[in-house]
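Some notes on the structure that comes next.
The values are calculated or read from the model by the stated rules, or taken from the named source; none is laboratory data. Note that the structure is a prediction, hence the values are computed from the model and not measured. Positions of Cβ are backbone-derived with ideal geometry, glycine not excepted, and every protein chain shown enters the neighbour counts.
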Amino acid sequence: MKTIASCVEEILITQPFLEEALFRQIINFSALSEELQQPISKMLRKPVKTGAIMMALRRYNPPTHLRQSQKLKGVLNQLGDITVRSNLEDFTFQNSDTLVKSHAKVLENFNPKAFYGFSRGIYESNIVVSTSERQKVIDNFKAETMIGSQDNLSAISIRLPENNSKISGLYYQIFKRFAWEGIALYEVISTTNEFTVLVENHLVDQAFSAIKNLNNN
């Protein structure tokens, strides 16, 4: 059975920015209660008083990553070097039995100074290379099914602290910053201690600034 508290939680979970503003006490409880009165009344199919909503908001138990904000700040202050690579191209291919062989051919005599990234999903795979290496991909993957490609991309890579996998909410902070800045990510490549985002060239300065300022949260 739904309650006012469960309705409040359901709404806040789907609106993480609102949830964080509430946790940081930078939002007016009374005004928010009035804003939520109509949707919660619809969810419960009966009139709800704003006072009851305000009480539920004050009693709301935030997620762990918000309660551990000080621990998160410590990790964000330990972020490592940021590296930017431009003139990249991304290719998406449908997975097949021969895809690995095609991939291996690209790596033969591959320029060690060129950018290279590869990720494989259940149904498709991506390969990201410097534009100078694009013809190698086209030639060696000509028997594969290309789903799409995108040029004029830049990659921003950041070294993460070794204990990053133990900290909940770290990736939330990174993605939140991009969302706040209105930066659309073309692709994300992640390893244990390294995080790389691909953006269109015209967004690279804005994206770099967003990552650089992560420890200013």
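What's the number of the condition Lys42 fails, among (1) in contact with a Lys or Arg (Cβ under 8 Å, 6 or more places away or on another chain); (2) at pLDDT 90 or above?
Just one mismatch for Lys42, condition (1).
Kindly evaluate Lys176 against the criterion of being buried (at least 16 other Cβ atoms within 10 Å of the Cβ) and either at negative phi or not assigned by TED's automatic domain parsing to the domain that holds Ser119 (or both).
Yes; evaluated as a whole, the condition is true for this residue.
Does Gly169 fit the bill of being small (Gly, Ala, Ser) and buried (at least 18 other Cβ atoms within 10 Å of the Cβ)?
So Gly169 fits the description; yes.
Applying the selection to the range 86-134, what residues are among the acidic types (Asp, Glu) and either within 19 Å of Leu153 (Cβ to Cβ) or outside the structural domain of Met146 (by TED's automatic domain parsing) (or both)?
Across the range 86-134, the qualifying residues are Glu89, Asp90, Glu124, Glu133.
When residues of the range 130-144 are filtered for being over 13 Å from Glu108 (Cβ atoms) and of a type in the set (Asp, Glu), how many remain?
1
One line per residue, one yes/no per condition, for (1) under 18 Å from Tyr171 (Cα atoms); (2) modelled with pLDDT of 80 or more:
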{"position": "Ser30", "(1), (2)": "no, yes"}
{"position": "Leu72", "(1), (2)": "yes, no"}
{"position": "Asn77", "(1), (2)": "yes, no"}
{"position": "Asp81", "(1), (2)": "yes, yes"}
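Can you tell me which residue within the range 114-151, out of those that are out of contact with any Phe, Trp or Tyr (no Cβ under 9 Å at 6 or more places or on another chain) and hydrophobic (A, V, I, L, M, F, W, C), is nearest to Phe91 (Cα to Cα)?
Phe118
Residue-by-condition table, conditions (1) among the hydroxyl-bearing types (Ser, Thr, Tyr); (2) farther than 24 Å from Ala104 by Cα:
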residue	(1), (2)
Met146	no, no
Asp151	no, no
Gly169	no, yes
Tyr172	yes, yes
Asn201	no, yes
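Output yes when any residue across the range 12-19 is farther than 17 Å from Ile174 by Cα, modelled with pLDDT under 85, of a type outside the set (D, E, K, R) and not in a helix (DSSP H, G or I), and no when none is.
Within the range 12-19, one or more residues are farther than 17 Å from Ile174 by Cα, modelled with pLDDT under 85, of a type outside the set (D, E, K, R) and not in a helix (DSSP H, G or I).
Condition check ((1) among the aliphatic types (A, V, I, L, M); (2) surrounded by 15 or more Cβ atoms within 10 Å (Cβ to Cβ); (3) over 22 Å from Ile211 (Cβ atoms); (4) touching a Gly at 6+ places or on another chain (Cβ under 6 Å)) across all residues:
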site	(1), (2), (3), (4)
Glu108	no, no, yes, no
Glu124	no, yes, yes, no
Ile138	yes, no, yes, no
Asp151	no, no, yes, no
Asn163	no, no, no, no
Trp180	no, no, no, no
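Since Glu200 meets every condition but one in (1) under 16 Å from Phe91 (Cα atoms); (2) exposed (fewer than 14 other Cβ atoms within 10 Å of the Cβ); (3) of a type outside the set (S, T, N, Q), which condition does it not meet?
Of the numbered conditions (1) under 16 Å from Phe91 (Cα atoms); (2) exposed (fewer than 14 other Cβ atoms within 10 Å of the Cβ); (3) of a type outside the set (S, T, N, Q), the odd one out for Glu200 is (2).
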